[in-house]
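Trainee: The structure's right below; bear with me while I get my questions together.
What follows draws every value from the coordinates through simple rules; no lab data is involved. For clarity, every value in this text was computed on a predicted model and none was experimentally measured. Here the Cβ is made from the backbone with ideal geometry for all residues, glycine too, and neighbour counts use every protein chain on show.
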Amino acid sequence: MSTGLFRKLAAAIVLVGVAVTLSGCGGFIGKGNAKANRPLTSAAVAKLASMGSSPGAPMMVRIFKDTSELEVWKQTSAGDFRLFKSYEICAYSGDLGPKIKEGDRQSPEGFYTITPGLMNPNSNYYLAFNTGFPNKFDRAYGRTGSDLMVHGDCSSRGCYAMTDEGIAEIYALARETFKGGNPSFQLQIFPFHMTPQNLAKQSKSPNLDFWKNIKEGYDQFEIAKVPPKWDVCGRRYVFNATGPGGVPLDPVAACPPLNQDATMLAAIKAKQAADEATFQTEVAYVDKKESAAAAAAERDAAAQAAAKARGEAIGGFFNGIGSNIGNLFG
């Protein structure tokens with residue numbers, strides 16, 4: 001092979017390698033894909049401006065299963081995050097609760113970090129982004145699953161399905177956020193709005209401890225209106241907390257002494273105490289209602305059984321009379 005030809009082939013290989021690398025890091029751009037590059041509407045840009053935000057500002061996404069809502073929040077010039085829009089989720093797979101294993105047809109719950117490499121402009125479901133499942137928390141429990149997406153096409157097999165119009169705008173908002181220089185955005189997935197009343201309705205669920213854990217992150221956002229930084233230690237989420245020396249936490253090992261903002265910690269503890277009191281009151285109320293309903297059902301069942309017995313007795317009595325009369329004439 002001539003030296004010139006060898007150099008040309010080497011250059012071509014380098015270019016291919018660069019192209020592959022770029023597509024992995026910046027696949028959200030979707031070169032030549034009209035759907036992925038559809039600009040935000042002027043109405044969306046105007047709404048962002050009215051909020052004190054912009055297309056390139058940081059964003060956050062929250063999902064609530066029970067009400068089938070996906071929320072997009074954007075950071076304002078004041079530094080806080082405000083709700084830009086709530087979108088209806090067409091469908092999600094499974095029930096309330098986290099995804100455990102591949103094939104269980106369950107949609108994930110928890111905190112996830114969405115990077116440009118998780119955006120899929122060439123999805124079979126119009127447009128999509130990967131949730132990033134399994135994350136550090138999921139892996140600590142050995143949970144398995146792949147290609148868990150938020151996508152269009154209104155059809156779900158373990159994912160969160162949106163309308164094509166909905167995912168088009170959400171995708172465009174994410175694309176512009178990345179173009180604004182933000183390396184990622186946070187995705188928070190909850191079974192329901194994390195109020196003590198909603199938790200009380202699920203007080204007998206095996207997922208209660210997990211839900212109370214992710215509620216800590218939910219509460220921190222509700223207080224500060226800034227997405228909390230999350231990590232995992234002791235197989236639990238921890239929020240806005242760092243270990244000694246800022247070293248990444250071991251998701252399985254017991255949590256070391258954590259550094260946390262004292263003001264936020266005090267606010268969280270106060271909210272948790274108030275919510276726990278409400279939770280216990282609501283659980284007692286729910287238990288009382290369930291006991292009353294069970295007692296009423298038991299009384300109804302007893303009444304129905306007694307009525308049936310009386311009916312059978314009366315029927316037997318008249319059948320006996322009829323038989324005797326028949327025997328007399330016979």
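Trainee: Show the residues, 5+ positions off or on another chain, whose built amide H is closer than 5 Å to the amide H of residue 249.
Mentor: Amide H to amide H, under 5 Å and 5 or more residues apart or across chains, residue 249 pairs with 232.
Trainee: Could I ask something else about it? Quickly rank 54-67, 204-217, 273-286, 246-259 as a protection proxy: mean count of other C-beta atoms within 10 Å, highest first.
Mentor: 54-67, 204-217, 273-286, 246-259
Trainee: Within the set 47/85; 101/136; 215/271; 65/215, which residue pairs have Cα atoms separated by over 18 Å?
Mentor: Checking Cα-Cα distances, every pair stays at or under 18 Å.
Trainee: Would you kindly derive the ³J(HN,Hα) couplings of the range 141-152 from the backbone phi angles with the Karplus curve 6.51 cos²θ - 1.76 cosθ + 1.60 (θ = phi - 60°), listing them in order in whole Hz, with x for Gly and Pro?
Mentor: Whole-Hz 3J(HN,Hα) from phi for the range 141-152: 9, x, 6, 10, x, 9, 6, 8, 10, 10, 8, x.
Trainee: Over the range 116-184, what is the mean sequence separation of C-alpha contacts under 8 Å (at least six apart), divided by residue count, expressed as relative contact order in percent?
Mentor: This gives 26 percent for the range 116-184.
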